[in-house]
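Input: a single structure, listed below in structure tokens.
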Amino acid sequence: MSPIYQATASAPVNIACIKYWGKRDTKLILPTNSSLSVTLDQDHLRSTTTSRADPSFEKDRLWLNGKEEEIKDGGRMSTCIKEMKRLRKQEVEDKNPAEPKLSSFSVHISSFNNFPTAAGLASSASGFAALVSSLAQLYQLPVSPSTLSLIARQGSGSACRSLYGGFVAWEMGSAVDGSDSLAIEVAPQSHWPDIHALICVVSDDKKGTSSTSGMQRTVETSPLLQHRINHVVPQRMKDISTAILARDFDSFARLTMADSNQFHAVALDTEPPIFYMNDVSRSIISLIVEYNRLSLAAGGGYKAAYTYDAGPNAVIYAPKENIKEIIQLIVSYFPQQKDSFKDNFNLFSADVTSQ
Ligand code: PMV
């Protein structure tokens, strides 16, 4: 019987505190600014991918949640698979000719998200990170998560940050070939285990403007983006790393909320403007602002930080001890949730993962 070459890996979702928005190279997916995220963990929020290589397979094939998807020639999926095969050849087969020539076999890949589509979360970050991780295991690649992040990045930019748990930076880099545009660990989850994330699903509608076309339009038309990438993000990247290393939640919260606000301002500064948040998103912002204001007025610190990606759903970061109170607050402020929201107003609470 011929040997079976198969491996399974999973990767979690990440949510940025300093947002990536804008590409300087659309093919290699090189960003116009560095970004920083927190990798979430919860049983609901992971993609799990199995890859199998076999000499009898005629072509690379992919199934997402059980349904076969086309792998387009020259597309992002095909680029990631090609790059992983190239690494296998370079790092394993060329160095040790006795190793099986897996790089010349086609692969079959099957991936499942264990979070419901109703979670309204982009699955591309966990999906491409899990794909690259499963191929790395299949190919027995002796490389670091940062090296793998170079490849996941070419599937979906934010995916490069899901190769690490905890607090992760995507360094924008400066090389034209993208060789230094990769993810690095700022701090592991164990450094600051107290931080939790609460995901408030305001709507699971498919977003009106995809991140790919939205970014392109912003890069082409927004003067505010130029200010953001040149004069705001570089300092924020330093400040938020310092805040994380010092476990300083006040600074972390202020920077996270300011950066979410500026990202949505940049979307609005795009022509034609892009609106990702809706009235409910904005009400949640007001609620968190008031919650923090009352705490600060009483001599306390920040209690929570909101952030929004390219959609209306809120992610609220807070020390674990505040999460119950925040859930109670949100539920009491939105009592007609069943009528006013399309589905339910889902709340997921997630730990930061150690991968
Ligand atoms: O990687 P993409 O193309 O899904 O873009 C992600 C963009 C944001 O989620 C809005 C910000 C970020 O840094 O994750």
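The values are calculated or read from the model by the stated rules, or taken from the named source; none is laboratory data. Worth saying up front: this structure is predicted, and the values here are computed from it rather than measured. Positions of Cβ are backbone-derived with ideal geometry, glycine not excepted, and every protein chain shown enters the neighbour counts.
A compact table of results
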item: First in the range 181-206 and closer than 15 Å to residue 13 by Cα, second anywhere and basic (Lys, Arg) and part of a helix (DSSP H, G or I), Cβ under 7 Å, 6 or more apart; result: 183/161; 196/320
item: Hey, residue 256 hydroxyl-bearing (Ser, Thr, Tyr), in a strand (DSSP E or B) and within 16 Å of the ligand (Cβ to nearest atom) or not; result: no
item: From 72, 85, residue being away from the ligand (no atom under 14 Å from the Cβ), in the same structural domain as residue 185 (by TED's automatic domain parsing), at pLDDT 95 or above and in a loop (DSSP other than H, G, I, E, B); result: 72
item: Qualifying residue in the range 153-176 (condition: within 24 Å of the chain's Cα centre (by Cα), within 30 Å of residue 248 (Cα to Cα), charged (D, E, K, R) and not in a loop (DSSP other than H, G, I, E, B)); result: yes
item: Top-ranked residue of the range 201-223 - restricted to ones that are in a helix (DSSP H, G or I) and β-branched (Val, Ile, Thr), ranked as farthest from the ligand (Cβ to nearest atom); result: 221
item: Residue, surrounded by the fewest Cβ atoms within 10 Å (Cβ to Cβ), within the range 15-37, restricted to residues that are more than 11 Å from the ligand (Cβ to nearest atom) and under 23 Å from residue 136 (Cβ atoms); result: 27
item: Test: residue 77 is within 16 Å of the ligand (Cβ to nearest atom) and either charged (D, E, K, R) or in a helix (DSSP H, G or I) (or both); result: yes
item: Pair list, Cβ < 7 Å and 6+ apart or interchain, from the range 265-288 residues that are in the same structural domain as residue 310 (by TED's automatic domain parsing) and of a type in the set (Ser, Thr, Tyr) to residues that are in a loop (DSSP other than H, G, I, E, B) and at pLDDT 95 or above; result: 270/222
item: Failed condition for residue 58, given (1) free of Cβ contacts under 8 Å to residues at least 40 places away in the same chain; (2) outside any strand (DSSP E or B); result: (1)
item: Residue within the range 300-320 that is assigned to a helix (DSSP H, G or I) and either of a type in the set (A, V, I, L, M, F, W, C) or over 26 Å from residue 270 (Cα atoms) (or both) present; result: yes
item: All positions within the range 91-114 that are surrounded by 20 or more Cβ atoms within 10 Å (Cβ to Cβ) and at pLDDT below 95; result: 113
item: Unmet criterion (only one of (1) farther than 30 Å from residue 216 by Cα; (2) modelled with pLDDT of 95 or more) for residue 1; result: (2)
item: Considering residues of the range 263-276 that are surrounded by fewer than 20 Cβ atoms within 10 Å (Cβ to Cβ) and among the aliphatic types (A, V, I, L, M) only, the residue nearest to residue 317 (Cα to Cα); result: 265
item: Failed condition for residue 86, given (1) buried (at least 17 other Cβ atoms within 10 Å of the Cβ); (2) in contact with a Ser or Thr (Cβ under 8 Å, 6 or more places away or on another chain); result: (1)
item: Condition check for residue 353: surrounded by 18 or more Cβ atoms within 10 Å (Cβ to Cβ) and at pLDDT 95 or above; result: no
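Here is a yes/no grid of residues against (1) under 14 Å from residue 126 (Cα atoms); (2) within 16 Å of the ligand (Cβ to nearest atom); (3) out of contact with any Ser or Thr (no Cβ under 6 Å at 6 or more places or on another chain):
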{"site": "141", "(1), (2), (3)": "no, no, yes"}
{"site": "149", "(1), (2), (3)": "yes, yes, yes"}
{"site": "155", "(1), (2), (3)": "yes, yes, yes"}
{"site": "170", "(1), (2), (3)": "no, yes, no"}
{"site": "174", "(1), (2), (3)": "no, no, yes"}
{"site": "177", "(1), (2), (3)": "no, no, yes"}
{"site": "182", "(1), (2), (3)": "no, yes, no"}
{"site": "194", "(1), (2), (3)": "no, no, yes"}
{"site": "199", "(1), (2), (3)": "no, yes, yes"}
